[in-house]
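A single structure is presented below for examination.
The values are calculated or read from the model by the stated rules, or taken from the named source; none is laboratory data. All values derive from a computational prediction rather than experimental measurement. Glycine also receives a Cβ, built like all others from the backbone with ideal geometry; neighbour counts cover every protein chain displayed.
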Number of protein chains: 6
Amino acid sequence: MTHAHAPTTPRSTLVVTAHAGDFVWRAGGAIALAAARGEKVTIACLTFGERGESARAWREGKDLAQIKALRRDEAERAAATLGAEVRFLDAGDHPLLPTPELTDRLVALYRETQPDVVLTHPADDPYNGDHPAAHRMALEARILAQAIGYPADGEVIGAPPVFYFEPHQPEMSGFRPEVLLDITEVWETKRKAMECLAAQRHLWDYYTDLAVRRGVQLRRNAGPNLGLAHRTLAEAYMRPYPQIAKELA
Amino acid sequence: MTHAHAPTTPRSTLVVTAHAGDFVWRAGGAIALAAARGEKVTIACLTFGERGESARAWREGKDLAQIKALRRDEAERAAATLGAEVRFLDAGDHPLLPTPELTDRLVALYRETQPDVVLTHPADDPYNGDHPAAHRMALEARILAQAIGYPADGEVIGAPPVFYFEPHQPEMSGFRPEVLLDITEVWETKRKAMECLAAQRHLWDYYTDLAVRRGVQLRRNAGPNLGLAHRTLAEAYMRPYPQIAKELA
Amino acid sequence: MTHAHAPTTPRSTLVVTAHAGDFVWRAGGAIALAAARGEKVTIACLTFGERGESARAWREGKDLAQIKALRRDEAERAAATLGAEVRFLDAGDHPLLPTPELTDRLVALYRETQPDVVLTHPADDPYNGDHPAAHRMALEARILAQAIGYPADGEVIGAPPVFYFEPHQPEMSGFRPEVLLDITEVWETKRKAMECLAAQRHLWDYYTDLAVRRGVQLRRNAGPNLGLAHRTLAEAYMRPYPQIAKELA
Amino acid sequence: MTHAHAPTTPRSTLVVTAHAGDFVWRAGGAIALAAARGEKVTIACLTFGERGESARAWREGKDLAQIKALRRDEAERAAATLGAEVRFLDAGDHPLLPTPELTDRLVALYRETQPDVVLTHPADDPYNGDHPAAHRMALEARILAQAIGYPADGEVIGAPPVFYFEPHQPEMSGFRPEVLLDITEVWETKRKAMECLAAQRHLWDYYTDLAVRRGVQLRRNAGPNLGLAHRTLAEAYMRPYPQIAKELA
Amino acid sequence: MTHAHAPTTPRSTLVVTAHAGDFVWRAGGAIALAAARGEKVTIACLTFGERGESARAWREGKDLAQIKALRRDEAERAAATLGAEVRFLDAGDHPLLPTPELTDRLVALYRETQPDVVLTHPADDPYNGDHPAAHRMALEARILAQAIGYPADGEVIGAPPVFYFEPHQPEMSGFRPEVLLDITEVWETKRKAMECLAAQRHLWDYYTDLAVRRGVQLRRNAGPNLGLAHRTLAEAYMRPYPQIAKELA
Amino acid sequence: MTHAHAPTTPRSTLVVTAHAGDFVWRAGGAIALAAARGEKVTIACLTFGERGESARAWREGKDLAQIKALRRDEAERAAATLGAEVRFLDAGDHPLLPTPELTDRLVALYRETQPDVVLTHPADDPYNGDHPAAHRMALEARILAQAIGYPADGEVIGAPPVFYFEPHQPEMSGFRPEVLLDITEVWETKRKAMECLAAQRHLWDYYTDLAVRRGVQLRRNAGPNLGLAHRTLAEAYMRPYPQIAKELA
């Protein structure tokens, strides 16, 4: 129902994240699926995660510029692996401070990319305040970009559906899986993208196990007869706005 | 993703409701859409609504048997208009008392109809206790019907998705629209089915207005560019189990 | 707005409680206020609290009949002190088991008393299951009594407002004060009624302190200028259905 | 209970809204009722809604100053129709940015108007961030204005009750009707005020339908016997602080 | 603070579960820890899980008696491995129907075992109604067993703390980890007990992965400096009643 | 489990509060207990409560500097009575405005004091916005202080458990007692500390009554057999992060 563009315009996905690595762990499958369908995916990393997500590099004595460069490089390789483009807003993390200027840059990005789908963090995370901050700016900019009266370049956007990807500690963050996305066919791509993030090697298996577990849950909610792959892998999402449907299924 | 049947078996929808009229007001559009796609829709009316939903007939002096016959007739004509089959379990309403026997009859119906989709009431309704009672039995029977160890005829079922249709006072019943179903193309059919319920004539316009309002909400959540009909009509649903998806949209 | 009766019929309040003492501690002020206005108050005690609320009597070696008689006597004197009539349904407590027959007796009482106001327990109490059981029956009977099709004697009732009185451990029971009732002018009456419950002497001061504390809260929510008594005493209530108003105040 | 003023001082209502049109759609009935009782109503419009609520004017090519003038004119005529005074704070909308200075201006207005009742937006609105921003400032300023230590002109205020009016998409905004206000007798006035907002003509019938629906709900919660007008019209409100009562009704 | 018994009485834990396998997957670590401290653990299995949790046996053509015997044997061996005693109430599963008689048997068990700690299922599980049914009876019986007036043999009990173990789909069941129990030192015992449940071999690794994940969460919430084992394993619990403490830690 | 320090380092508690008096009323018992165990307690008062909590002094005509001096003196004497050290950040109250600079000062304090336990306000308080503001900064600074990349002096901290103390109107602030701390043995000390706050004499008995009530609740949740003092006094806390445990008790 969302083919709003001219026939020659591919669908567009915008991913708004706090730190350079978030899009890989939490939404790498959705990104790879969209890219595999020939769609355009743009990832906005508000920060590099240089202070809050780079403990090992700091312990190894690297300085701020080195760490940013390292994180940028990793994220660019991971995005390329997934088939997406990444933009760094370098707003400074830990804490990530929302400002009207930063929101304005996101509005411009919304208008430039004209997303059909938006992915971002959920509202709460008691372990990292940057994630809720990114969430708030992503949602606010989406609304502002819809208004013809908002002074930014580009066309106003529609009201693209929003999906929240899964936080690191879902039960502590009020996260309930509302959509289980089958990522089996792009799993190898997601795993390769994760392996671009050498500094967080301990998370490779953690997020592999999560994909298996969400896959088991997908199968349990889909019933036994669906001809699913024996080993289904999945990502979980929340959907804060109503789904628009032509059919209940 | 839910085409579990052999190619020649049409998809099946099971609607479990408390009273004879519920399926028309709350889910008539979804039923008509499924029927229009050539699918099978079976409606289980646990009661005729003979005591709690038939005030006018009682005031006119009709007796219990007359009222049941009247409600049955209305519901059968409405179901035929929508293209569905209706089954009456005649369990007695107001209050509708859950019993193991009644649940068992529902299990048998699940196994007989092998539903791909289940529609029923949401969990709460502070104005009518029969609706939550039907909700509980519908959900319990769905789980029991999945177990090979449960002693009932027929094949076990999968885990069909469940949708809750909209109660009469949504804000008081914890109802939040999670799916907005576009029923524009079958609207005339739904209106005709409503008009089969002559005893509740005051609700015809009420539910027409609701369809308009949900349509406006659908348009607002879909964005301005979708080529929707100028006057979109819709029904709202909740989805208590996760959606299984191949694509975020 | 709720003067539904002929001019000569006083307003009527129905209080539905689990145990013989509940109406005193939790709603004695509201009952005394209504009685002081010349209104009719009927208290339905579903049980005497003979098993779950009479530990001292059991320890003293009294038997079941003695304890019931004791509790009945105390409750009757307390009700008389407040100016209300009490009815005992003697349904057996701890556990209080909901049955269709017991609900039916409540429906009859609703139709007989034609209440303008209903008071009962809130939905949850993790320390005593009889309170939620009484709550559920009180609400169900209120709905059934409204239906002309429900087979019971007497006239159908309207939709009287419902108030939940305060449980013993409010924060653990999801209780949030939504109405603070000023009971200052009938406080001495409530205290005297409490003192009729000799077996629970330790609660006299407990509920006096609660009345003081709710009075402080009333003053804090009312602002400093209201000419309230220096020592305001209050009871707290929840209101599950919308208030009908002619003015916002 | 809230007649805190000298006998000659009429009661005062303060309405704090984000945009120039909000008070008409959402609280026009309450305002007209208060004015009809001879009370004073002051409306604070934090912005004109010039960017986020004026799509048609922007599409017609009007500039910012023109749009502000247009919205001011419409709002002033609507307020006059209702019998209220409107103040424009012109803080800039979409986004409306909370600042200490803006809150301070609201504190001054609280102290100037000494409200007996406060109306404002509820806490959440996933479709417009200006509404929650106005909500937060309205509540914060109310608390600050109560403190003798807060450095602003005028007398400290009491703790006036607060009511949240209904958002455009109530079920998506956590809005549950807690007060249903009967606005039947001032309905024609509210309709005329709505018709002052020519740019939003499509909302005239939308909010008429809402008033009818809330009226039906009022009747359903009031019972059948109340001698209400056949066609009752109503507005819904939430009440975040406890109601102070002399009687349960 | 809970050493209520004479010095020579070991502490007692009562585990109330719906099906024969539940105590192993969900609370095997807590049981093994208590047993390793020389405490007494009694497990009440309300059913064998013969209908709802034995799909493989049914598919293999076993009959009801065979399946019950199989499940009993597995559960007894697992309990022995953990160091606990298991009691089978054989109440019939899928659905497990709460009855006063069954609750009464649980009351007797509470009085017999005089538990210092109670473990049971949480309140909700949208995938299996037997778990909430067992939850309700476990909590109700605990309250009844405290009352001297309840007619059952044995001494009344105190108010032992209750813990809810983790359901199979925690995010869908409203489960939030409130206590993370370090089971590292008894992990091998729990694994051996799981391996007694041959019919559910696919869950061995599933619950091993869960223990690892809860262990990671324990470490994250405990801080980096605690001298924890490199590979900490844990179980998660909810605590519905307040913790009684001599120290905040 | 939290003895992270060298044997000679006493445990450390950090209390972060909005106003000078908060730590006495709400956490005086916990502070006195820790001090009595020979531990270190540091109290950060973000403001003196000079504007919002000093109505009497303003009415007596004191000026800002005098009031700050008065509140500082009272708080220092109360802290000394409890055995704790107090730090004043003098950030200005009513409203307390969160700033990156103020958060940074808190981060430095976390790193300096290396707390094993953190006490602060809960998330919501509809009667005083300074409390939630202090809450947010306390939690944010705790997370920032854990990151090696955050540029502040001192060692990074672990993840100390957090406890929320009880607000003035618990039911209105979403406060549910999750930990009941027995403060009987230090009650006289807490009472003496309260009496240092001469300007709020009306709260002495209010918080004494609260301690009695929480003590009654502690006894009710602990069971009758625990050998508790006849008059147990207690403070209530919430625990937002999971408890780490070696034993369920």
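Which of the residues spanning region D:47-79 are in contact with a Ser or Thr (Cβ under 7 Å, 6 or more places away or on another chain) and of a type outside the set (Lys, Arg)? Quick ask: steps written out before the conclusion?
Here is the first cut: in region D:47-79, the ones in contact with a Ser or Thr (Cβ under 7 Å, 6 or more places away or on another chain) are D:67, D:71.
D:Ile67 - this is the single residue of region D:47-79 that is in contact with a Ser or Thr (Cβ under 7 Å, 6 or more places away or on another chain) and of a type outside the set (Lys, Arg).
Can you confirm whether region C:137-151 contains a residue that is in contact with an Asp or Glu (Cβ under 7 Å, 6 or more places away or on another chain) and touching a residue at least 60 places away in the same chain (Cβ under 8 Å)? Break it down into steps so the answer makes sense when it comes.
The initial filter retains those residues of region C:137-151 that are in contact with an Asp or Glu (Cβ under 7 Å, 6 or more places away or on another chain), namely C:149.
From what is left, the residues that are touching a residue at least 60 places away in the same chain (Cβ under 8 Å) are none.
No, every residue in region C:137-151 fails to be in contact with an Asp or Glu (Cβ under 7 Å, 6 or more places away or on another chain) and touching a residue at least 60 places away in the same chain (Cβ under 8 Å).
When you look at A:Arg56, is it modelled with pLDDT under 95 and either among the basic types (Lys, Arg) or closer than 27 Å to A:Tyr150 by Cα (or both), yes or no? Walk me through how you get there before you give the answer.
On the way: modelled with pLDDT under 95: yes; either among the basic types (Lys, Arg) or closer than 27 Å to A:Tyr150 by Cα (or both): yes.
Against the criterion (modelled with pLDDT under 95 and either among the basic types (Lys, Arg) or closer than 27 Å to A:Tyr150 by Cα (or both)), A:Arg56 qualifies.
Can you name every one of the helices (runs of 4 or more DSSP H) wholly within region A:18-104 that holds 2 or more residues which are away from chain F (no Cβ under 14 Å) and either without any contact (Cβ under 8 Å) to a residue 40 or more places away in the chain or surrounded by fewer than 24 Cβ atoms within 10 Å (Cβ to Cβ) (or both)?
On the way: elements: A:22-36, A:55-59, A:64-82.
So the answer is A:22-36, A:64-82.
Which one of the conditions (1) closer than 20 Å to C:Lys190 by Cβ; (2) at pLDDT 95 or above; (3) not hydroxyl-bearing (Ser, Thr, Tyr) does C:Ala245 fail to meet, given that it meets all the rest?
(1)
Regarding E:Leu14, is this residue outside any loop (DSSP other than H, G, I, E, B) and more than 20 Å from E:Met137 (Cβ to Cβ)?
On the way: outside any loop (DSSP other than H, G, I, E, B): yes; more than 20 Å from E:Met137 (Cβ to Cβ): no.
So E:Leu14 does not fit the description; no.
Let me ask you something else. B:Pro167 versus (1) under 24 Å from B:Pro115 (Cβ atoms); (2) out of contact with any Phe, Trp or Tyr (no Cβ under 6 Å at 6 or more places or on another chain): which is the lone unmet condition?
The single condition B:Pro167 does not satisfy is (2).
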